[in-house]
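Please read the structure below before turning to the comments.
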Amino acid sequence: MTSLPKPSDSPQLGLVIDLDICVGCHACAVNCKEWNSGGHSAPMTDWNAYSGTESQDGDDVGAWGVWFNRVHTYEVNEGPQSRTVHFPRSCLHCEEPACVTVCPTGASYKREEDGIVLVNPDTCIGCKLCSWACPYGAREYDQTDGVMKKCTLCIDKIYNENLEEVDRVPACVSTCPAGARHFGDLSDPDSDVSILVSDRQGYDLLPELGYKPTNKYLPPRPRRDHLSKEQEQVSIVDMANSDGSYESNETNNPLLKWVDAVLSR
Amino acid sequence: MSVNPFETVVDIVDTSPKISDEVKLTTCYMCACRCGIKVHLKDNKVRYIEGNRDHPVNKGVLCAKGSAGIMQHYSPARLTKPLKRVGERGSGEFKEIEWEEALGIATQWLSKIRDNDPRKLAFFTGRDQSQGLTGFWASQFGTPNHAAHGGFCSVNMAAAGLYTIGGSFWEFGEPDWEHTKYFLMFGVAEDHDSNPIKTGLGKLKTRGAKFVSINPVKTGYSAIADEWVGIKPGTDGLFILAIVHQLLKSNQIDLDYLVRYTNAPWLVIQDKGSEDHGLFARDEDGSPLCWNKATNTLAPALATDISPAIAGSFTLPDGRLAVPSFQLLAERYLSEDYSPETAEKQCGIEANTIKRIAAEIGRVAFEDTIELDVTWTDWAGRKHDKMIGRPVAMHAMRGISAHSNGFHTCRALHVLQILIGSIDAPGGFRYKPPFPKPAPPPLKPAGKVDQVSPNTPMPGPPLGFPTGPEDLLVEPNGQPRRIDKAFSWEAPLSAHGVMHMVLNNAWKGDPYPIDTLFMYMANMGWNSSMNIPDTIKMMTDKDEVTGDYKIPNIIYSDAFYSETIPYADLILPDTTYLERWDCISLLDRPICDADGVADSIRQPVVKPDRDVRPFQDVLIELGARLGLPAFTTEKGSPKYPGGYPDYIVNHERGPGIGPLAGFRGADGLSEGKGEINPKQLDQYVENGCFWRHEFSPTERYFKHSNKAYLEKAVDLGLIGAPNQIILQLYVEPLQKFRLAAEGHGDIQPPDEHRDRIKTYFDPLPIYYTPFEEAISDTNTFPMHALTQRPMAMYHSWGSQNAWLRQIHGFNKLYMSRTRAKKMEINNDDWVYVSSPQGKLKAQVQLMEGVNEDTVWTWNAIGKRRGAWNLSPDAPEGTKGFLLNHIISQLLPEQGSGYRYANSDPITGQAAWFDLRVKIEKAGPNKPGELTEPQFETMKVSSTVPRGNPTSRYGEKDK
């Protein structure tokens, strides 16, 4: 079993994902796949790349492959209360990751200097214990290589001196069209990402499990439709029903109110 | 590497590896958004594509499609060599030929046509980004039979906007993302302008602006809306006009804006039965008149410092009465026909919700006004010390367009924006240059009887904007002149052509037979047509007497082995977007934004490894071989021997105006207009493959009436004269067509079309039930059926992509859980979907966020088995389907027995969102279930190797 680094003052790098503005476009997932296809854990093997097979239960396998970041779109609640959520899912780089402690070879490890959780492909034996241990489904087994792969937080991009400094962020962050993904040091309470989390009541996924994810999610803002209880809304409905100035004209010809209008071109 | 079990192995992470040998900048073509990209190349292969931070369209971001460009570029569906058909059409039996032979065949077919009747060439392109060239080429050839896919997609939005405000959405304009406080999005819109909209939504939501989505389906953008209005498909027009009703009732309209910038005060002649009833009263010079309340006299409506009346009835010099057009507008929409209570019944939205949204719009527009401290000068030279904005913005595209009432719905949306004074005001809708243009732009379609003759170019472009019956392309007997019947009485304002009727009409020889159908990037054997089963028959049908195909020759150019390939006789293989020069021109479909004018290029970043040629090079060479004047020197040699890049730099459409507006002039310092600059492309490449001129703050709003902007636009060659552009609440050209139908004038519609023109050519927006719903038996076909494309696939040419197909590999039919329960349909069950046209079988996915009367699916995910070089067991073919299979391209027979196109009666826009269906349970899911209809598995030319089933792209980089 693998031990975790001792708690330290070093940065805990991670992502903050804004579920209020994520439109579920998969840009982050595909740009991640693209970067990492030539990156630290390359290749990102694809199977049935140009075909598909059907399994016994009728489900179609189709094309599938290694992705470090996947976007799920699903609905919560039924009826008028239902809400559609786009949910990007990748490694949360937990402070106490069970995927690391469960690893029998030390292949899975958490970096002391920045908190990034990585897999050493040379010592990974492909036993998949880590993927059983991770409740977030963030691990990706490459059956062709026989090793486990996962989000590296673009470790070969965020420190890469061949890139301009502004580009040294994970691929999923720099590519996100909606601006729904942020990268930074979550251990520093004054960092932009920590302030964002605090302002928007960012939350941990499954905090009750105690793995202390570094990545945070920002919740959707409250809806503002007929179901919302904002007082302001009620007054607007009253206003609409009062039909505004027209009713006060008390005339049979509604156009009269414009006949006297003095306007200038 | 061997591992010593007694030694701790430390993972060595190279955190700073070399990424690429070279980075080249170019423009993406994975959809129509045209983002700037940086392509990292390593070992002569594409390593990584990312957004270009400096690019005006995407500012560094890149969507899923753009990021999957690598897989498109290396797709095994790529064509490799010119092909000549040797078996029967559809057999997939081809012979590889050399380019010389291919170009020889094409030249032989085309020159014969040009020598006799140029109209026998129908040249149609798909989502073509070189229409500046393709349209010009068609015109040079001398055929009016040219268009791209706009008639299929969103011409209702474009035409309605251009006739109303001289602009529209997407390439014509955008919401003021920086300032808007209330944003309404109608219908499916996850398509055009894909990255700017995502970025804009992120910005406005983060700022706390309210986002309302009016859409039968709650996916994509609608999922993050603050309010979702699950409207019944095709009723948006009534919803919008009910909002207009409320705003008029509560007098929440911008009267000052209306008199300054619109034709609201222009007097409309009221003389029923006369030849000018409903037209504007004009003075001797033809200028429109209004009533000046300051002097109580008639006055030229374009005069300044007058006090125009917007209501009342006034007497013209000839004693007849006239009223301001606003009065007609107000009378119409204040009627109960447009009340929220009336709308509630049709739209399925509570009247109170409509009232509340109207009240919210009114409150934000008039009480939450924004003021920019920017001085500006109006068209009349009057200075204003502020820019006052109505921060309500709207956006819509194909969702409300693709209905048979779409033109009027889109007009209604523009009228609503005008009434609240938000057109090009801060916080509202903003024009993207070269728009605004006069409404409509002063460009007429060529192709009249005297404009088409052998071996002669047409005097103008094939597409344009008719303003009266005299501009139609019809024979003296009223019959259509174009193969797609565009600009005929069946679709007078079909500004983008009527692509979905080309195959049907060519097969039927209606209005006349053609000789050659020449297509580019248009998958008309599949998702770019309706009613695929019959479409395939039309492409393979033969004349019983001669044994020849009814469409004698089909030439097709594309980069990929699509479903259309086997039906063509000659294939001209195109390159991928990373292998060629291109230009995104102001003469075609520009990439400007509201703050700047811009255009861009593509440069080849990798060399083709196959015997393929850029289509634009091929077209220019064919032009030279055919001796088209603009492509040939006086001595008869090719004018652009360097192909497309030569043309891009050296072609001039007018003095100093060429395909690219940047880096003109001998020194490369001229913008907009200027002499030819031989180093122009080098300068584009140096500048990141784009050029942009940013407007000064004083030029950025009220462009239709902003002196500084209008003068700058003339300097840049964007418009002809710096005149104020008047917004057209009341569209007089529509009334001209109606008057003709009522029996006035020399050019009148054939009797069978009169009623249709009278009914639908209303100069003010109307609402009517979409045709299919009105005609079909809604008890038998109780549901609406829609499609949309997912953000990860939209507009993605040849969406056979090893990565994207993992996200969307097949499509299900989505329906409301509540409705399904009543029908005892469970999740994953299979159902039959029937329409008046046909029947298909698909698997069901239940959901909450969908209008109960609506089913929908992802479009163009389903593929024909064997096509795109996918193996026949690929789920695109086994579990995917196209809704197009059961959409008819024609409406049922009506009164006279004639079958009109399934189109908007004004623009000819394909009404594919009008579809009505019946859903019946077929059974539970079990292994081996296939969608229906299934077509014979396509045979793919054996010279194209299928991709390795296990793909390890990037492996050797490690």
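Keeping to segment A:1-30, report how many residues are over 22 Å from B:Ala792 (Cα atoms) and at pLDDT 95 or above.
The number of residues fulfilling the criteria is 6.
Would you mind stating whether B:Asn553 is at positive phi, buried (at least 20 other Cβ atoms within 10 Å of the Cβ), in contact with a helix residue (DSSP H, G or I) (Cβ under 8 Å, 6 or more places away or on another chain) and of a type outside the set (Asp, Glu)? In short, no. Cβ separations smaller than 8 Å between residues 6+ apart or across chains give the following pairs from segment B:633-653 residues that are closer than 18 Å to B:Arg602 by Cβ to residues that are of a type in the set (S, T, N, Q) and part of a helix (DSSP H, G or I): B:Tyr640/B:Asn650; B:Gly643/B:Gln616; B:Tyr644/B:Gln616; B:Tyr647/B:Gln616; B:Ile648/B:Gln680; B:Val649/B:Gln680. Among the candidates A:Thr101, A:Thr175, A:Thr105, A:Thr144, the residue that is touching a Gly at 6+ places or on another chain (Cβ under 8 Å) and of a type in the set (Val, Ile, Thr) is uniquely A:Thr175. Can you name every residue in segment B:792-827 that is away from chain A (no Cβ under 13 Å), out of contact with any Ser or Thr (no Cβ under 7 Å at 6 or more places or on another chain) and modelled with pLDDT of 90 or more? Within segment B:792-827, B:Met815, B:Lys822, B:Met823, B:Glu824, B:Ile825, B:Asn826 qualify. Pairing residues of segment B:675-686 that are in contact (Cβ under 8 Å) with a residue 12 or more places away in the chain with residues that are among the basic types (Lys, Arg) and surrounded by 14 or more Cβ atoms within 10 Å (Cβ to Cβ), at Cβ distances under 6 Å and at least 6 apart in sequence or on separate chains, gives B:Asn677/B:Arg664. Selection within segment B:274-300: residues that are in a loop (DSSP other than H, G, I, E, B) and in contact with a Ser or Thr (Cβ under 7 Å, 6 or more places away or on another chain). The member of this set that is surrounded by the fewest Cβ atoms within 10 Å (Cβ to Cβ) is B:Ala294. Surrounded by 18 or more Cβ atoms within 10 Å (Cβ to Cβ), in contact with a Gly (Cβ under 9 Å, 6 or more places away or on another chain) and in a helix (DSSP H, G or I) - does that describe any residue in segment B:44-66? Yes, some residue in segment B:44-66 is surrounded by 18 or more Cβ atoms within 10 Å (Cβ to Cβ), in contact with a Gly (Cβ under 9 Å, 6 or more places away or on another chain) and in a helix (DSSP H, G or I). When residues in segment A:13-28 are screened for being more than 7 Å from chain B (Cβ to nearest Cβ) and either within 26 Å of B:Ile19 (Cβ to Cβ) or aliphatic (A, V, I, L, M) (or both), 7 of them pass. Kindly establish whether A:Glu208 is without any contact (Cβ under 8 Å) to a residue 24 or more places away in the chain, farther than 27 Å from B:His40 by Cβ and either assigned to a loop (DSSP other than H, G, I, E, B) or more than 10 Å from chain B (Cβ to nearest Cβ) (or both). Yes, satisfied. For segment B:539-573, the tally of residues that are among the β-branched types (Val, Ile, Thr) and not in a strand (DSSP E or B) stands at 6.
Okay, residues lined up against (1) at positive phi; (2) within 21 Å of the chain's Cα centre (by Cα); (3) in a helix (DSSP H, G or I); (4) touching a residue at least 60 places away in the same chain (Cβ under 8 Å):
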residue: A:Pro121; (1), (2), (3), (4): no, no, no, yes
residue: A:Leu153; (1), (2), (3), (4): yes, yes, no, yes
residue: A:Glu161; (1), (2), (3), (4): no, no, no, no
residue: A:Cys172; (1), (2), (3), (4): no, yes, yes, yes
residue: A:Ser187; (1), (2), (3), (4): no, yes, no, yes
residue: A:Ile195; (1), (2), (3), (4): no, yes, yes, no
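Residues of segment B:866-894 being assigned to a loop (DSSP other than H, G, I, E, B), buried (at least 21 other Cβ atoms within 10 Å of the Cβ) and within 14 Å of another protein chain (Cβ to nearest Cβ), which ones? Listed by number, the residues that qualify are B:Gly866, B:Leu870, B:Ala874, B:Lys879, B:Gly880, B:Phe881.
If you go through segment B:69-79 one residue at a time, do you hit one that is assigned to a strand (DSSP E or B) and more than 10 Å from chain A (Cβ to nearest Cβ)? Looking for residues that are assigned to a strand (DSSP E or B) and more than 10 Å from chain A (Cβ to nearest Cβ), one finds at least one in segment B:69-79, hence yes.
Taken over segment A:109-146, residues that are within 22 Å of A:Ser37 (Cβ to Cβ) and within 12 Å of chain B (Cβ to nearest Cβ) amount to 12.
Selection within segment B:446-455: residues that are part of a loop (DSSP other than H, G, I, E, B) and touching a Lys or Arg at 6+ places or on another chain (Cβ under 9 Å). The member of this set that is surrounded by the most Cβ atoms within 10 Å (Cβ to Cβ) is B:Gly447. Does B:Tyr730 satisfy being within 25 Å of B:Ile231 (Cβ to Cβ) and aromatic (Phe, Trp, Tyr)? It is false that B:Tyr730 is within 25 Å of B:Ile231 (Cβ to Cβ) and aromatic (Phe, Trp, Tyr). Given the structure, is B:Thr780 touching a helix residue (DSSP H, G or I) at 6+ places or on another chain (Cβ under 9 Å) and surrounded by fewer than 24 Cβ atoms within 10 Å (Cβ to Cβ)? Against the criterion (touching a helix residue (DSSP H, G or I) at 6+ places or on another chain (Cβ under 9 Å) and surrounded by fewer than 24 Cβ atoms within 10 Å (Cβ to Cβ)), B:Thr780 does not qualify. Residues that are in contact with a Ser or Thr (Cβ under 7 Å, 6 or more places away or on another chain) and of a type in the set (A, V, I, L, M) within segment B:440-471 comprise B:Ala446, B:Met458, listed in sequence order. Looking only at residues of segment B:321-357 that are under 24 Å from A:Asp260 (Cβ atoms) and surrounded by fewer than 16 Cβ atoms within 10 Å (Cβ to Cβ), we find that the one that is nearest to the chain's Cα centre (by Cα) is B:Ser335.
Among the residues of segment B:764-782, not a single one is closer than 30 Å to B:Lys65 by Cα and either modelled with pLDDT of 95 or more or within 25 Å of the chain's Cα centre (by Cα) (or both).
Take B:Lys18 and tell me if it is assigned to a loop (DSSP other than H, G, I, E, B), among the basic types (Lys, Arg), more than 24 Å from B:Ser871 (Cα to Cα) and within 9 Å of another protein chain (Cβ to nearest Cβ). Yes, satisfied. Residues that are of a type in the set (D, E, K, R), more than 21 Å from the chain's Cα centre (by Cα) and assigned to a helix (DSSP H, G or I) do occur in segment B:94-101.
Exactly one residue out of B:Ala358, B:Ala309, B:Ala343, B:Ala301 is among the hydrophobic types (A, V, I, L, M, F, W, C), touching a Leu at 6+ places or on another chain (Cβ under 9 Å), at the interface with chain A (Cβ under 9 Å from one of its Cβ atoms) and in contact (Cβ under 8 Å) with a residue 60 or more places away in the chain: that is B:Ala358. Listed by first and then second residue, the pairs with beta-carbon distance under 8 Å, at least 6 apart or on different chains, first residue in segment A:52-77 and at pLDDT below 70, second small (Gly, Ala, Ser) and assigned to a loop (DSSP other than H, G, I, E, B), are A:Glu54/B:Gly928; A:Gly58/B:Gly928; A:Asp60/A:Gly52; A:Asp60/B:Gly809.
Would you be able to tell me the number of residues in segment B:465-509 that are within 21 Å of B:Tyr520 (Cα to Cα) and not aromatic (Phe, Trp, Tyr)?
Number satisfying all stated conditions: 18.
For B:Ala223, the requirement of being in contact (Cβ under 8 Å) with a residue 60 or more places away in the chain, among the hydrophobic types (A, V, I, L, M, F, W, C) and facing another protein chain (nearest Cβ under 7 Å) is met.
The values are calculated or read from the model by the stated rules, or taken from the named source; none is laboratory data. Quick caveat, the model's predicted, so the values are computed rather than measured. Please note: Cβ atoms are built from the backbone with ideal geometry, for glycine as well, and neighbour counts cover all protein chains shown.
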